[in-house]
Amino acid sequence: MISKQRKVSMRIILFLVMILMPSFCIFAEDFINKIDPIITTNQQQLDTEKKDGKNTQSICKALYNAIDDELKRSNYCVQDSDCKTMELGGPLVEFGCFHFINKDVDSGALYNKMLQYHNKCSGVVDDCSSAAKPVCVKNKCEMSPDKK
């Protein structure tokens, strides 16, 4: 049998989840809507410059910076279970060997953007080892202190 106090606590938690979840969804949608046009525009400029034979260095730098900024914004957490590791390496090593991001972030979309960058801009050789399991430290996913 559930106590009256526990029932009240459960109702308060359910109420908070119902209130906060739509806010998070709006934040995530707003975030995606802001970053995708930047990456799409840079990719289109890069394609045009490649066809015209122009120097693509500035466009590649802007595209890299947009992806790097998105990776940084994708690293947020409240507890360890909010974190996941994006293993990179190979053609994506220019962005690092791995990144810790929130488990709800679409890592597939991030991988696709990095692969597009690699196909247009990169020529880096892979030199990575495996990443350790991430932990949540001060609302950021980081490498476990015992693995640093």
Would you calculate the separation in nanometres between label points at residue 112 and residue 138, each defined as 7 Å from the Cα along the Cα-to-beta-carbon direction?
3.5 nm
Per-residue HN-Hα couplings for region 63-78 [Karplus 6.51, -1.76, 1.60; θ = phi - 60°; Hz; x = Gly/Pro]
5, 4, 4, 5, 5, 4, 4, 5, 4, 5, 5, 7, 9, 8, 6, 10
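Of 72/103; 61/103; 61/138; 84/113; 72/113; 84/138, which sit over 25 Å apart, Cα to Cα?
Working: 72/103 14 Å; 61/103 27 Å; 61/138 30 Å; 84/113 18 Å; 72/113 14 Å; 84/138 16 Å.
61/103; 61/138, as the Cα separations exceed 25 Å there.
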Near the amide H of residue 88, under 5 Å away, which other amide H atoms are found, from residues 5 or more places off or on another chain, if H is placed in the peptide plane?
98, 99
Between residue 73 and residue 57, what is 0.36 nm times their sequence separation minus the Cα-Cα distance? Round to one decimal in nm.
3.3 nm
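Where a number appears in this text, it was derived from the coordinates with a stated rule and is not lab data. Being a predicted model, the structure only gives us computed values, none of them experimental. When we count neighbours, we look across all protein chains shown, and the Cβ atoms used for this are built from the backbone with ideal geometry, even at glycine.
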